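I have placed the structure first, in the form of structure tokens, so that the comments after it can refer back to it.
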Amino acid sequence: MTLIDVINLFDTDEKCREILVRLRWPNGPECPRCKMPVVELETAKQLFYCKECDYQFTVTVGTIFNDSHLPLQKWFLATLLLCEAKKGMSAMQLKRTLWGQHKGSYKTAWYLCHRIRAAMKEVDQSMLDGTVEMDETYIGGKKRGFGSKVAREAKEVVIGLRQRDGDLRFFHADDARQGTLAKYIRENVSRDVEVIITDDLPLYPKAVGDLEHKTVNHRANEYARYENGACITTNTVESAFSLLKRGIMGSWHKISAKHLLAYLDEMTFRFNRRKSANLFLDTLRHMVTAPVLTFDKLTA
Ligand SMILES: [Zn+2]
């Protein structure tokens, strides 16, 4: 799906609603309240009616689009821009692209970005398997005091897990202690995993426990080696970290700790679908099935 496709295919509110109906209710429209099949009241307005509970609604009711006054085409264009921006796009950039330099408000663009982002979140993930690389990195924060330990305490910890030729996951962790690392392994990595590869941080052997574990010795400047034809490296999870950092530096500039997880989810959602032709439609599907994100909740 290209920008031209979105402009051509979804040039009216009606056409946008048509695709949203198909994505939200693949088996035919149903009532959001009582889940009964419904009738379409006014085709022109695409208004649905449930006679079981006497409820009128549209396809966007109770979704991320809830209560939005923006034309749906604006939503669709913003969604495409966020899907296509490998390193993310700032709300300011989105505002300039969709409204122009002197029109639209930053607040509207910011809220729009956050709601689309809220939909770019995985649900029902399976456990990672095969060869899994794991690493941790530090984002943001001001360097206070001296020495790496002091500087790190002021930053946010991101833990990354990446199955080779499979999914990437990022987590905003409280810390990078052994118990925390172990928790993310337990919750995301299959007991049948072939091998977990980490760097030589001394916390990893106990965190990995009785699963197969290989390390690369970064302190000895070793970044990859071959063992029986298998490449022992954490380069693929590290390259995902560097994409994340370039996104934060180049596009978002500064993100607060509060919203970090949402950015991590956006980044991994897009990354895991980078070879899929359905990224745009998949995102729209999530936008009509994910929970509502209100402005109050976002700014609380
Ligand atoms: Zn109903």
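Each peptide in 275-288, 98-111 receives the mean, over its residues, of other Cβ atoms within 10 Å, and ordering these scores from highest gives 275-288, 98-111. A simple spin-label model places the labels of A85 and K121 2.0 nm from each other, with each point 7 Å out along Cα-to-Cβ. Quick check: the distance between the Cα centres of region 173-236 and region 92-138, to the nearest angstrom? Centre-to-centre (Cα) distance: 28 Å.
DSSP finds beta bridges in the chain, and of those with both partners inside it, around 75 percent are antiparallel. Short-range pairs are left out: with C-alpha atoms under 8 Å and at least six residues apart, the relative contact order of the chain is 22 percent.
Taking all protein chains into account, the per residue accessible area for the chain stands at 54 Å² (1.4 Å probe).
The chain has equivalent-ellipsoid semi-axes of 40, 23, 18 Å, by the square roots of 5 times the alpha carbon gyration tensor eigenvalues, sorted largest first.
For L128, the residues whose amide H sits under 5 Å from its own are V189, S190, ignoring neighbours fewer than 5 places away on the same chain, with H placed 1.01 Å from N. Working from Cα pairs under 8 Å separated by at least six residues, relative contact order for region 75-222 is 18 percent. Backbone phi angles across region 104-118, fed through the Karplus curve with coefficients 6.51, -1.76 and 1.60 (θ = phi - 60°), yield HN-Hα couplings of x, 10, 4, 4, 4, 5, 5, 5, 4, 4, 5, 6, 5, 4, 4 Hz in residue order; Gly and Pro are listed as x. Remark: spin-label model distance Y55-E30 equals 1.2 nm, labels positioned 7 Å along the Cα→Cβ axis. Surface composition of region 1-102: carbon plus sulfur atoms contribute 50% of the solvent-accessible area (1.4 Å probe, protein chains only, all chains present). Each Lys and Arg Cβ is given +1 and each Asp and Glu Cβ -1; about its Cα centre, the chain then shows a dipole of about 1260 debye. Share of region 166-220's accessible area from carbon and sulfur, percent, 1.4 Å? Taking all protein chains in place, region 166-220 shows 43 percent carbon and sulfur surface.
The values are calculated or read from the model by the stated rules, or taken from the named source; none is laboratory data. Every value quoted in this text rests on a predicted model; they were computed, and no experiment measured them. Because the Cβ atoms are built from the backbone with ideal geometry, glycine has one as well, and the counts that use them run over all protein chains shown. When the accessible area is computed, the model is the full protein with side chains, heavy atoms only, and any ligands, DNA or RNA have been set aside. Shrake-Rupley method; radii C 1.70, N 1.55, O 1.52, S 1.80 Å.
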